[in-house]
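What follows is one structure encoded as structure tokens, with my remarks underneath.
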Amino acid sequence: MAKKHFLIFDFGASNGRATVAAFDGKRVEMDVTYRFDNRPVVAAGTLYWDILRLFSELKLGLRASLKKYPDIVSLAVDTWGCDFGFIDRNGKLLGNPVTYRDKSRHERSALLYKKLPRKELFRLSAGSTIEIMGVYQLFSFKCDNAPELREGRHMMMMPDLLNYLLTGRVCNEYCDATMALLCDQRNKTWEKRILNRLGISDSFLGEIVMPGDMVGPIQSQVCDELEIAHLPVIAPATHDTASAVTGIPVADGTKQWAFISTGTWSIAGVETLQPIVTDATFESGYGNNAIANGRNMLVNYITGLWIIQQCRQKWMADSGADISWDEIVRRSVAAGPARSYINVDDPCFAQPNSDMPGAVVAYCERTGQHLEASIGAVARCVYESLVLKYRENLEILEKLAGRRLDVIHLVGGGVQDSTLCQWTADAMGIPVIAGPTETTSMGNLLMQLKCMKEISTLEQGREISLYSSEVAKYEPGSRAPWDEAIGKYRTMLRK
């Protein structure tokens with residue numbers, strides 16, 4: 001068949017891109033047509049996403065993509081999860097969305113739990129009760145008597161909001177809605193009792209759409225501005241991790257596999273058919289979120305490459321020059337095995353920090369460890385601590401899911417770090433399949449193909465992903481050093 005072109009927008013928490021996928025019926029080729037940065041903005045003490053700039057970047061990417069590929073069939077948008085915006089009764093935007101790293105939603109969680117205990121929130125939502133989730137921001141708005149709740153008529157997650165600005169349709173894609181902890185994941189509907197318990201009206205909850213549903217055509221005012229045709233907009237699994245899991249190139253469906261999406265966040269999990277809502281799940285910190293095809297992912301949200309990304313910014317500011325990721329990894333390897341460790345999920349690492357290396361060194365001092373302040377030593381400490389966190393989480397996951405893992409799929413930007421991939425295989429003692437880096441884009445595309453009747457099942461889509469992907473396989477080496485390291489790591493955590 002002649003190649004058909006589909007447009008993918010993937011907005012990450014630090015950057016985004018437009019990609020055109022050429023599909024010939026069996027295989028996909030990706031061409032990144034536009035890239036942009038995504039930088040939150042501090043204003044009057046609050047950390048916001050610049051939604052108008054992001055929509056402007058979307059339009060620029062749309063125009064650039066259509067100039068190169070004028071026969072694009074459809075487009076779909078995915079973004080990071082958790083965050084949302086409101087429109088008022090006239091359809092106008094009510095302020096910039098607040099980011100999941102803003103302090104207020106984290107600091108007010110204790111007040112939220114007085115109205116709705118954490119375990120009950122888990123039981124109702126089935127999701128991970130980590131304070132980045134959307135319900136915590138809604139409660140912060142409630143505490144402030146914010147105009148979003150007083151004047152807002154529709155709440156939309158970030159991809160829903162971008163789809164609204166594109167098409168004019170108000171709707172909520174289900175996968176990302178579960179990232180607000182406002183859904184009944186057993187019945188795939190809104191769980192209004194959560195808002196009612198918090199004293200918040202549920203009137204702003206809108207129509208739910210599923211991955212693979214049509215949102216609508218690009219509205220006329222956008223088409224006129226850009227001088228383009230009314231291109232169809234489709235809902236993928238709009239939470240980027242859900243799209244990444246959708247696009248994983250599973251080679252052998254008989255093997256028990258887990259995934260780690262490696263980026264600013266590291267999200268470790270397994271795919272399940274139904275949410276797993278048990279005391280053990282809650283106590284472990286795991287939770288459930290929806291993915292495509294009516295399925296579920298049981299996941300834990302780990303602070304991922306965020307810490308080393310913040311460290312790199314400080315190192316470059318101090319040196320006045322660019323320091324590549326290859327150079328940071330090289331120095332970490334040269335530093336030798338770590339002798340100090342951090343808990344990457346400690347709250348002290350959660351917020352933007354102009355001196356993150358100093359925060360890592362200070363953490364080690366507080367826990368009775370010594371860490372040299374060099375780039376190599378700090379990077380080695382961060383990387384090894386992250387791998388040990390992976391191991392702990394995957395061992396918990398095996399118990400929760402009742403299965404022994406055979407293989408780990410690493411996806412996302414972190415797969416470009418071959419050292420991190422190999423250390424993960426060594427620490428777990430099982431093979432790691434890394435890649436492709438564009439797994440999220442692949443998952444986005446598969447739901448466009450499903451909507452357009454090019455495929456009918458997720459398994460068909462994953463076969464396309466496998467056939468189209470370049471992956472690297474890492475066989476495990478010696479596990480003994482990691483067995484010793486995790487003993488020291490756990491001793492540190494008890495201090």
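Quick notes on this one:
- Counting only strands (runs of 3 or more DSSP E) that sit completely within segment 159-271, those holding 1 or more residues that are not assigned by TED's automatic domain parsing to the domain that holds N90 correspond to 257-262.
- Cβ-Cβ under 7 Å pairs, at least 6 apart or on other chains, segment 389-404 side closer than 16 Å to P431 by Cβ, far side assigned to a helix (DSSP H, G or I) and among the hydroxyl-bearing types (S, T, Y): Y390/T424
- For segment 384-418, taking the residues that are in a helix (DSSP H, G or I) and of a type in the set (G, A, S), the one that is farthest from V344 (Cα to Cα) is identified as A401.
- Subset of segment 172-192 (residues that are surrounded by fewer than 20 Cβ atoms within 10 Å (Cβ to Cβ) and either of a type in the set (A, V, I, L, M) or within 21 Å of the chain's Cα centre (by Cα) (or both)): D184, K188
- Pairs with Cβ under 8 Å, 6+ apart, first in segment 464-479 and outside any loop (DSSP other than H, G, I, E, B), second aromatic (F, W, Y): I464/F23
- Flag if Q351 is more than 25 Å from M428 (Cα to Cα), at pLDDT 95 or above and in the same structural domain as R391 (by TED's automatic domain parsing): no
- Scope segment 128-146; condition assigned to a loop (DSSP other than H, G, I, E, B) and in contact with a Leu (Cβ under 6 Å, 6 or more places away or on another chain); matching residues: T129, M133
- Qualifying residue in segment 72-86 (condition: surrounded by fewer than 18 Cβ atoms within 10 Å (Cβ to Cβ) and either in contact with a helix residue (DSSP H, G or I) (Cβ under 9 Å, 6 or more places away or on another chain) or in the same structural domain as E191 (by TED's automatic domain parsing) (or both)): no
- Residue match in segment 392-400 (condition: within 24 Å of V471 (Cβ to Cβ), out of contact with any helix residue (DSSP H, G or I) (no Cβ under 9 Å at 6 or more places or on another chain) and of a type in the set (D, E, K, R)): yes
The values are calculated or read from the model by the stated rules, or taken from the named source; none is laboratory data. Keep in mind that what you see is a predicted model, and the values were worked out from it rather than measured. Glycine also receives a Cβ, built like all others from the backbone with ideal geometry; neighbour counts cover every protein chain displayed.
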